[in-house]
Amino acid sequence: MTYFLIFIALLIAFFIALVTAFITVIYLVCKMELAEQEEEDQWLFKAHCFECEIEMPVKEKNGSLYCSNCGLRH
Ligand SMILES: [Zn+2]
């Protein structure tokens, strides 16, 4: 009977560890996807400017994209 209780306790501990690991993996995957989205957003608002000849942040105005440094339309 005692061995059965120990077995049940170990089984419960195993499942708790499994659930914790599962939640941790989901949390990490969500975090990674969020970080990737942030990088894509940054990329969207940065473009090579032919006037400044370097990558500059881009501003949006009336549906058009402009260089935030010199105002060249992209
Ligand atoms: Zn520029």
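Counting only GluC sites (Glu not before Pro) that DSSP places in a loop and that have at most 12 other Cβ atoms within 10 Å, the longest clean stretch of the chain runs over 1-50. Estimated purely from DSSP H runs of n ≥ 4, each contributing -39500 (n - 2.57), the mean residue ellipticity at 222 nm for the chain is -21500 deg cm²/dmol once divided by its residues.
Rounded to the nearest 10 degrees, the inclination of helix 2-44 to the longest alpha-carbon principal axis of the chain is 0 degrees.
Neighbour counts of other C-beta atoms within 10 Å: give me 45, 15 arranged from fewest to most. Don't skip to the answer; put the middle values down first.
On the way: 45 13, 15 10.
With the fewest neighbours first, 45, 15 line up as 15, 45.
Once C-alpha pairs closer than 8 Å and six or more residues apart are averaged by separation and normalised to the residue number of the chain, the relative contact order reads 14 percent.
A short reminder: the numbers here are calculations on the coordinates, not readings from a lab. Note that the coordinates shown come from a computational prediction; the quantities given were computed from them, not determined experimentally. Because the Cβ atoms are built from the backbone with ideal geometry, glycine has one as well, and the counts that use them run over all protein chains shown.
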